[in-house]
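See structure below.
The values are calculated or read from the model by the stated rules, or taken from the named source; none is laboratory data. No experiment lies behind these values; they were computed from the predicted model shown. Glycine gets a Cβ as well: all are built from the backbone with ideal geometry, and neighbour counts include every protein chain shown.
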Amino acid sequence: MSKETVAHKYEFKAEIKQLLDILVHSLYTSREIFLRELISNSSDALDKLRFESTKGTDILDKELPLEIRIDFDEKKKLLTVKDTGIGMNRDEIILNIGTIAKSGSAEFIKQLAESKTEINNIIGKFGVGFYSVFMVAEEVVIKSKSFRKDEPAVEWRSKGSGDYEIEELDEKLPRGTIIEIHLKEDAKEFAEKYKLESIIKKHSNFISFPIYLEKEKVNTVSALWREPKSTVKKEQYDEFYKFLTYDTDEPADVIHVSIDAPIQFNALLFIPKKNTDFFGFNREDYGLDLYVRRVLIQHKNKELLSEYLSFVKGVVDSEDLPLNISRETLQENSVFSKIAGNVTSQVLSYLAKKAKDDPEKYAEFWNQHGRVFKLGYMDFANADKYSQLLRFNSSFNEKDSDLTSLEDYVSRFKEGQKEIYYAFGSSRELVKQDPHLEIFKRKSLEVLYLFDPLDEFIVNAVRKFKDYDFKSVDNVDLKGMDTFKDSETQEKKFEDLNKTDEKHFDSLIDRIKKILGDRVTDVKESKRLVDSPACLVSPDDGFSAQMLKMMKMTNKDVQMQKKIFEVNKDHKLVRNLLKVFKANANDEYITDVVEQLYDSALLQEGTLDDPHNLISRLNRMLEESSDWYTEIKKYKK
Ligand code: ADP
Ligand code: MG
């Protein structure tokens, strides 16, 4: 034995041991997916080889066909998966199989524990697919020969417990990798022809290299996206989608386009029924597969579609890109940029059509993917299409899950309306209580209810829909409101004040000004309130309360803008206050009430910094009122 052929023992890294322990000892119902993972690795290795060869790299065994062969021996409980891909040398095997790049396995284990999802839905996503073979194997032997000339062949073997062995082989192997799987007794069915055939057809039918089971080719090997749309059946689309995404469900939408001018490309895109990005956990796991003349150039390319469309899965294939294009220079390639631009507009047009033809289905789409889609407010090139596709909740909707498009909103404009009104809050219930909305209710004007924090970013970035500006309800020009008639059902609760009382009211306003001092810019009688006694409003053209809050979040030094304090003359509390004022202009009760109303207004806006004063004042007033209450009710002790 020469020195190189001595087998060396290595320990697996701790996290791999943990992963193996789970896989070896668990009884997963879908163990068959191990084969999908091995075939997918072979296919990757073949893709990489083809990529090297288009680059003109000098390659070992250049004449070997690119293919995958699967052999089995029922008696020996042996299954072999063989490919003619790039292979691995000793260092690569240690790096790729013995260690895990990224923190793949830790993430995988965590998700498996947390999300309770089926192992087969996620194992391929974390760069740990290979290890799934230990669900069925007693021992695995990998023999591999690198595509680089003069690299010795290597053999790796492991029983899936703590360690593995590697030795260099004297024997001559052809380029590629052979994986021998010595099956466990309870997994011997995976050495049966019928079983293997059905697994390959189910999970690996669209692998773009031929897969031979013994002598027979079992997969379809057609580029479905290149077929004329009219010849492709729904089942084929579904099957391809499942193959591509590992989703067990059918896609909600299929977008199959074939463009010839100005640039040629085919795209087969899918929108999943469900948002599978659990908890935004796998944010990096998106992108479209880019092919050039049926040759895979890049898995999950992230430049073909903007991130806000990252829920779209699929492939794009072009004749007009050079085969030897490198992934690094893709972005600078003008043909590529044009394709990317076109793919984005294809998706947006598709969605626009869906929204128009089938609003219910569109609502389902919106509920699943709307949160990601909303991030598109930065896509200025497609601003119009983007705004058309947005959905909000509005005061004209009955419940918080109902949706309103901007187009709907505008079509319901009152005569003379030129702005799109919106109110912001953390839930529909809270928004509805905003006193600024009272005048809109009175005038039957529709208001968009924004209770997703992203919505405020959207209205501030988009600014306009068609020719109409977005306008926050706390920032609206009240003079303009006179254009709109009050709705008829509105009845006056109080008699108008007589002349003398009007004067007293003006003096009360002056008294309130003194109480609030320079905390407000002015105190005025309100024209907008119906049910609330008072509120704070921004001076004309000021920032909305929400905008200021956001500015304060990003820059602590931003001063909260001073506001106008508005008082509702037709409110019982204010009328009573006027009585108190007439009797004793300096009554302390007035101070208490005004301070309380002011703090409540801040609280409602979400800008009350310190609630201590409010609470102690409130407690004191409650205590006092409890005396009157027991007296009025004549409750004895
Ligand atoms: P992933 O495929 O997500 O990278 P795997 O656990 O399936 O994770 O495989 C780990 C690595 O092992 C692959 O990235 C590849 O480098 C290497 N590998 C596995 N199978 C083969 C093969 N048949 N030929 C060449 N390299 C392989
Ligand atoms: Mg893999």
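Considering only residues that are among the basic types (Lys, Arg) and touching a residue at least 40 places away in the same chain (Cβ under 8 Å), look in the stretch 507-532 and name the one that is surrounded by the most Cβ atoms within 10 Å (Cβ to Cβ). Checking each candidate, the answer is Arg528.
Each row is one residue, and each column tells you yes or no for (1) of a type outside the set (D, E, K, R); (2) surrounded by 18 or more Cβ atoms within 10 Å (Cβ to Cβ); (3) within 16 Å of ligand 1 (Cβ to nearest atom); (4) assigned to a helix (DSSP H, G or I).
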residue: Glu168; (1), (2), (3), (4): no, yes, no, no
residue: Ile178; (1), (2), (3), (4): yes, yes, yes, no
residue: Lys201; (1), (2), (3), (4): no, no, no, yes
residue: Asn205; (1), (2), (3), (4): yes, yes, no, no
residue: Ser222; (1), (2), (3), (4): yes, no, no, no
residue: Phe243; (1), (2), (3), (4): yes, yes, yes, yes
residue: Asp247; (1), (2), (3), (4): no, yes, no, no
residue: Ser258; (1), (2), (3), (4): yes, no, no, no
residue: Pro262; (1), (2), (3), (4): yes, no, no, no
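Kindly provide the set of residues from the stretch 50-85 that are under 39 Å from the mean Cα position of the chain (by Cα) and assigned to a loop (DSSP other than H, G, I, E, B), ordered by number. Answer for the stretch 50-85, where residues must be under 39 Å from the mean Cα position of the chain (by Cα) and assigned to a loop (DSSP other than H, G, I, E, B): Leu66, Glu67, Thr84, Gly85. Being modelled with pLDDT under 95, within 23 Å of the chain's Cα centre (by Cα), surrounded by fewer than 17 Cβ atoms within 10 Å (Cβ to Cβ) and under 18 Å from Phe206 (Cβ atoms) is a property that does not hold for Thr231. Would you say Lys572 is of a type in the set (Lys, Arg), in contact with an Asp or Glu (Cβ under 9 Å, 6 or more places away or on another chain) and either surrounded by fewer than 20 Cβ atoms within 10 Å (Cβ to Cβ) or modelled with pLDDT of 95 or more (or both)? No, not satisfied. The listed residues are Ala223, Ala261, and the only one of them that is without any contact (Cβ under 8 Å) to a residue 12 or more places away in the chain, more than 28 Å from the chain's Cα centre (by Cα) and under 25 Å from Leu348 (Cα atoms) turns out to be Ala261. Restricting attention to the stretch 584-612, the residues that are of a type in the set (A, V, I, L, M) and in contact (Cβ under 8 Å) with a residue 24 or more places away in the chain total 6. Quickly run through the stretch 25-35 and pick out the residues that are modelled with pLDDT under 90 and either within 15 Å of ligand 1 (Cβ to nearest atom) or more than 18 Å from Ile179 (Cα to Cα) (or both). Correct list: His25, Ser26, Leu27, Tyr28, Thr29, Ser30, Ile33.
Only one of the numbered conditions (1) in contact with a helix residue (DSSP H, G or I) (Cβ under 6 Å, 6 or more places away or on another chain); (2) farther than 19 Å from Ile199 by Cβ; (3) within 13 Å of ligand 1 (Cβ to nearest atom) is not met by Glu52, and that is (1).
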